[in-house]
Structures are given as structure tokens and as C-alpha cells.
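Chemist: Submitted below is the structure of interest, expressed as C-alpha cells.
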Amino acid sequence: MAKRVYRDGTGKRVHPYVPELSDLYRRGKVSRRDFLHTATMLGVSAGAAYAFADKVDGIESLNPIRQAHATRKGGVMRASMRVQDMSDPAVFDWIPRSNQARPIVEYLTRTGSDNITRPYLAESWEANDELTQWTLNLRQGVKWSNGDDFNADDVIHNFNRWLDPSIGSSNIGLFVAMTTDYDTGQKNDDGSPKMGRKMREGAIERVNDHTVKLHLNSPVLSIPENLYNYPTAIVHRDFDDNGGSLVKNPVGTGAYVLAEYEVGSKCRLIRRTDGPYWGTEPYLDEILYVDHGDDENASIAALASGQVDQIYQLFIDTIDVVEDLPDVVLHEVPTAQTGVFRMRVTEKPFNDIRVRRAVALTMDHGQILELVYRGRGVVAENHHVAPIHPEYFKLPDLKRDVAKAKALLGEAGHGNGLSLSLDVNNDEAWEVAAAQTFREQAAAAGIDIKLNIMPGSQYWTLWDKTPFGLTAWTHRPLGVMVLNLGYRSGVPWNETAYSNPEFDKALDVASGILDVEERRKAMETVERIIQEDAIIAQPLWRSVFTATSKRVKGYRAHPTLYHQFQNVWLEG
């Protein structure tokens, strides 16, 4: 019997789960947030999803739309942010790099400040019933700034780069279902072959000039979100042939071109003049990033004096100052940004699970949240899935247990105490304060933590190698995304060297379940495994803060601190 095909009001095919999802929302079985997220992920337009939800809820449309009035075209948006090297988007490891590049090179999708993912260079997408094949319908009429047409070859080239182990892109973790294991020719410490991952033959198919298909070896529901991870900006198909550097050859599909650029100083982007932009023209003539270094006071002073219009990020200890400034708006957004005290399981003493569990048991999560972050966030549970994530499953509250920690240390041969060295990044004061508070908590169990506080430039050269470190992770719209990036066996950003086939398998299962409630049930197993293996002690999920002058209109703070200035305009 042929499968029934479901279509929307325009005749477009939709995934067969969409009617069931709509019915669940109508009956109050799923939340508005979960309905919007899942429906748009399956290819329903954001407008249609919002309209349906608004109709069910009996409210006026909340669909975010571009302002059609009271706007002023022109002007220069000046932002205070670190200006970093942005040569190769595939290996971006900092949000500022992507913010600098975002007006030049664009993404196949775009996840907004509301956590909803919408089409962008991909005009639409469709998944098969099993979520093992995704068809990306690429937008036609898009021109690169060198005059070439954007097409399927560009997309294929980018996937090939992302999944080439010689490039070193973290995207391998997101698209692991398109990869296969291979023998690197190196050996593990135990003498076994060291395996790596590379693109599987046939994982991507060129259907025609504007259609590509992704063939996965297991179900994945997060493909649209994965395509807006900050290292997935689409570069030109001749990127490598033309020097492999966006700085040396800044060809893009975006509305802006690179005019001036100096690491540590400034990055100036101006509106393209080579022809009409394919999308809705932005209001701003220029975007200028000014680097004030690590001195947050300099950034605040520049905003207060009108030298800049926006600050990329404010830290928790300065928000009171900014709130008191005239003509300045403070923006706060709840996020899945966090910091993890992570233990590398291949290094002594953390190769002993009893030691890891003892370290984790000494943490008082709530105390760290209150003392270090003024309670502006949520207590975490040592598994790196946040309440803001649709698939989050609430586990029982963690309780500090110093007596049990001491007993575990005794069993592991550390009855007289344990000395550890913790590497800490001093770029943000809250991280140092969290480390200091945790050191005091751990001391009650006889764990002496010596803090090795260093500049971020030094920490980020060893973050994935140090036996014990405090690493900040940014927000991602799905919990499975960060787990695939940071905890799956063999992925580039697996800083704990964690490798648990049971966890990988459970993550595969959860990543392929559409029904939100069923996916949450599956995530219980995922979260419990990582929590019980005690590879991280994770105190909190934090809100993030930015600030703008009052003349900045149409700005929405993004939970990942992405800059989306296409709807921003300046008054006066």
C-alpha cells in the first residue's frame, strides 16, 4: 500500500507527523514552543506555524515580522566586540568570528532569537518519514559577490570540507550520521588502532542545480538547526582554490562586503553595490566592529559616550552600571550558555570513575548560581541539557554529599585527600568566581584544588587537552546538538575524551524521535548516562546580557549572541 502524502494549504508536501503534531497542540498535549519548533523543523514555514498556533490560542499574530514603518535607512551600526581572525568559517570556534563574517557569508537556515529555525539560502527542506533523508531546496536567483550563481555545488563543497578530517571542523559532530569510521594509522595508548571519522560515500547527492539530498545512516531530527551552527556558513565552491581564506578573498552571498579589517582593531563592512541583494535589503549602510580588548569598562564608556551603538556582551558584575546609564537599553535573554568543570577520563586520576563522582558530589550548584551569577539563570544537572531545550527531561535534583565523596575517595586510594590543578580562563569574571567557590566546596571532602588562572588566549590552546578545566559553552537550540558536538565518541570537540557506546547509541535513538514527549523520555536515558559517568560538574545555565543605545531599533538579543542586524535601523 502506498504511503499517504500529507500537504499543506498551498499543496506543498509536509511530513506525516505534522497533522498529528497539530492535533496534539490543539488538544494541549504539547507546548506552544515545542509545536513551533518541531513544525518549522519539519519544513512548515514559520509564518504558517505561528498563524496556526495563534488561531488555536485565540490571540493576535505573534509572528515576528520585519517592521514596515517608522524606519530610517542608512547609517553605520558600531559595535564593541573582539575582532578576531575569520579566515575559515568551517573552523570558527568563537561567536565573534561568525558575527564579523555573517554579513558576508550566509547560512542555509537561520535560527531566530525565538529559537525557531527558518529557511534562508535553503528555501525549504523536507525529510522522509524515517528522518534518514533530507532534501534541501536551494534558493534560486542568489548571486555571489563575484557574480557567480549560488547552486548545489557550493553546498556540496561545504559539506565535503566540514566532514574532511584534515580541515578539523567541529561540524563532524553535528553531521556524524553522514560519516564513517576509518583507521587513522595511529595507535591509542593501549595499542589499538586510533579511529577517525570522515564523510561516507554517497552521503550527499546532487539532484540538480538547486537541490541536494543528505543521506544519513541513522535518523536525525536536528538537520535544520545544525545548518545554523556558527561554523556552517556557506563559502564559495572555489574557496580553497582561491587561497582558502575569507579575509584574502571575501566572496559571499550576503548584503555586505569587507572594506577594512585588522585583527584586534576593527572590522568594517559596507553594503554591496555590485547589484541588488537577493533578500530583503537591510537598513544599515555599514556595520563597524571596534575592538576594545578585554577592558569591559572601555566598551561601556564607548557606549555611554555615543562612540558605539552596541556592546556584544556584558558580564554579570557590570549590568547594574549599564542599567543606570541614560539613553542605553540593557537586553537580557535566557540561554543554554553554561560552564562545565570537565574531567578528561583518559588522564589520572580522572580515569577512575570514583574520583570523578567524588568531585561532582562536592558541588553545591545552587550556591554557585546565587553567589557567582546573582541567581540570573537556572541550576544545572551535570548532563549539559538545559530546561530551555525542547527535549530536556527533568532528573531529580542533585544533592551535595560530602560524606559520600570522602568514601569514594577512600575507595579510590585517596583517603588522605586529593590534590588537583584546575585550568581556568580569566576572560570572564564569573568563571573565576565559580572556580573559587567550587574550590571551597571541594575542600570539605579533602580535595585541594589549585587554580591555574590564565588569559583566554592561553586557555583555548589547551582547553581540549588539560586533565581538569572549566570550559564555557555557548547556547544551541537543541540539547542533542551540544551532546553530538562535545560528548560523542571521537568528535573533534570531545574535551573529556569520553567514549561510551551505550551513550552514543542512546543519543542516536533520541536524535531520531519526532514526538516531543517520547523524545523527552528517551533523553532521560541519555542524561542519566552522562550524569552517572560524572565527566562534568556543571553548576548553572546563565542568562546573557547585551546593551544598545536607545537610537538602535529593531534589535533582538540572540541567546547565542549571534548578530542578526538585517532588521536593525538607527534613529536620529
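The values are calculated or read from the model by the stated rules, or taken from the named source; none is laboratory data. If you're wondering where the values come from, they're calculated on a predicted model, not measured in any experiment. Note: ideal-geometry Cβ built from the backbone for every residue, glycine included; neighbour counts use all protein chains shown.
Chemist: Which of the residues belonging to the range 414-436 are among the hydrophobic types (A, V, I, L, M, F, W, C) and either assigned to a helix (DSSP H, G or I) or closer than 19 Å to Ala534 by Cβ (or both)?
Modeler: Leu418, Leu420, Leu422, Ala429, Trp430, Val432, Ala433, Ala434, Ala435
Chemist: Considering only the range 437-463, state which residues are assigned to a loop (DSSP other than H, G, I, E, B) and in contact with a Leu (Cβ under 9 Å, 6 or more places away or on another chain).
Modeler: Correct list: Ala445, Gly446.
Chemist: Also: Of the conditions (1) modelled with pLDDT of 80 or more; (2) among the aliphatic types (A, V, I, L, M); (3) more than 30 Å from Tyr289 (Cβ to Cβ), Met41 satisfies every one except a single condition; which number is it?
Modeler: (1)
Chemist: Can you name the residue in the range 263-285 that is of a type in the set (D, E, K, R) and under 26 Å from the mean Cα position of the chain (by Cα) and, of all such residues, is nearest to His236 (Cα to Cα)?
Modeler: Selected residue: Arg268.
Chemist: Something else: Which residue pairs have Cβ atoms under 9 Å apart, sit 6 or more places apart or on different chains, and have a first residue in the range 153-170 that is assigned by TED's automatic domain parsing to the domain that holds Gly185 and acidic (Asp, Glu) and a second that is in a loop (DSSP other than H, G, I, E, B) and surrounded by fewer than 16 Cβ atoms within 10 Å (Cβ to Cβ)?
Modeler: Here the result reads Asp153/Asp209, each pair linking the range 153-170 to a residue that is in a loop (DSSP other than H, G, I, E, B) and surrounded by fewer than 16 Cβ atoms within 10 Å (Cβ to Cβ).
Chemist: Can I ask one more? Could you please tell me which pairs satisfy a Cβ distance under 7 Å, a separation of 6+ or placement on different chains, a first residue in the range 314-325 that is more than 17 Å from Ser80 (Cα to Cα), and a second residue that is of a type in the set (Gly, Ala, Ser) and surrounded by fewer than 17 Cβ atoms within 10 Å (Cβ to Cβ)?
Modeler: Close Cβ pairs (under 7 Å, with a partner that is of a type in the set (Gly, Ala, Ser) and surrounded by fewer than 17 Cβ atoms within 10 Å (Cβ to Cβ)) amount to Asp317/Ala429.
Chemist: Could you identify the single residue in Glu411, Glu391 that is at pLDDT below 95, among the acidic types (Asp, Glu) and closer than 21 Å to Glu532 by Cα?
Modeler: Selected residue: Glu391, the only one of Glu411, Glu391 that is at pLDDT below 95, among the acidic types (Asp, Glu) and closer than 21 Å to Glu532 by Cα.
Chemist: Further, regarding this structure: So which residues in the range 112-164 are in contact with a Ser or Thr (Cβ under 8 Å, 6 or more places away or on another chain), assigned to a loop (DSSP other than H, G, I, E, B) and at pLDDT 95 or above?
Modeler: Tyr120, Leu121, Thr132, Val142, Trp144, Ser145, Phe150, Leu163
Chemist: Determine, yes or no, whether Val257 is more than 24 Å from Pro492 (Cα to Cα) and in contact with a Pro (Cβ under 7 Å, 6 or more places away or on another chain).
Modeler: It is true that Val257 is more than 24 Å from Pro492 (Cα to Cα) and in contact with a Pro (Cβ under 7 Å, 6 or more places away or on another chain).
Chemist: Sticking with this one: Among the residues of the range 1-38 satisfying the criterion of being of a type in the set (Ser, Thr, Tyr) and over 15 Å from Asp114 (Cβ atoms), which is modelled with the lowest pLDDT?
Modeler: Filtering the range 1-38 for residues that are of a type in the set (Ser, Thr, Tyr) and over 15 Å from Asp114 (Cβ atoms), the one modelled with the lowest pLDDT comes out as Tyr6.
Chemist: Let me ask something else. Could you tell me whether any residue of the range 312-331 is under 21 Å from Arg72 (Cα atoms) and part of a loop (DSSP other than H, G, I, E, B)?
Modeler: Among the residues of the range 312-331, at least one is under 21 Å from Arg72 (Cα atoms) and part of a loop (DSSP other than H, G, I, E, B), which makes the answer yes.
Chemist: Filter the range 299-311 for residues that are in contact (Cβ under 8 Å) with a residue 12 or more places away in the chain and in a helix (DSSP H, G or I); which is nearest to Val83 (Cα to Cα)? I'd like the intermediate steps shown before the answer.
Modeler: Pass one, the range 299-311, residues in contact (Cβ under 8 Å) with a residue 12 or more places away in the chain: 299-300, 302-304, 306-311.
Then keep just the ones that are in a helix (DSSP H, G or I); that gives 299-300, 302-304.
On the way: Ser299: 13, Ile300: 17, Ala302: 16, Leu303: 17, Ala304: 21 Å.
Of everything passing the filter in the range 299-311, Ser299 is nearest to Val83 (Cα to Cα).
Chemist: On to the next question. Can you tell me which residue among Ala386, Ala360 is of a type outside the set (Lys, Arg), touching a strand residue (DSSP E or B) at 6+ places or on another chain (Cβ under 6 Å), assigned to a loop (DSSP other than H, G, I, E, B) and buried (at least 17 other Cβ atoms within 10 Å of the Cβ)?
Modeler: Unique residue meeting the criteria: Ala386.
Chemist: Right, another one. Which residue out of Val155, Val212 is crowded, with 20+ Cβ neighbours inside 10 Å and out of contact with any helix residue (DSSP H, G or I) (no Cβ under 8 Å at 6 or more places or on another chain)? Spell out how you get there, then give the answer.
Modeler: On the way: Val212 fails: out of contact with any helix residue (DSSP H, G or I) (no Cβ under 8 Å at 6 or more places or on another chain).
None of the other options fit; the residue is Val155.
Chemist: Check whether at least one residue in the range 470-483 is part of a strand (DSSP E or B), touching an Asp or Glu at 6+ places or on another chain (Cβ under 7 Å) and within 30 Å of Lys198 (Cβ to Cβ), and report yes or no.
Modeler: Checked against the condition, which is being part of a strand (DSSP E or B), touching an Asp or Glu at 6+ places or on another chain (Cβ under 7 Å) and within 30 Å of Lys198 (Cβ to Cβ), the range 470-483 yields at least one hit.
Chemist: Being within 25 Å of Trp463 (Cα to Cα) and touching a residue at least 24 places away in the same chain (Cβ under 8 Å): is that true of His331 here?
Modeler: In short, no.
Chemist: Name the residues in the range 180-195 that are in contact with a Gly (Cβ under 9 Å, 6 or more places away or on another chain) and in contact (Cβ under 8 Å) with a residue 12 or more places away in the chain, would you?
Modeler: Asp181, Tyr182, Asp183, Thr184, Met195
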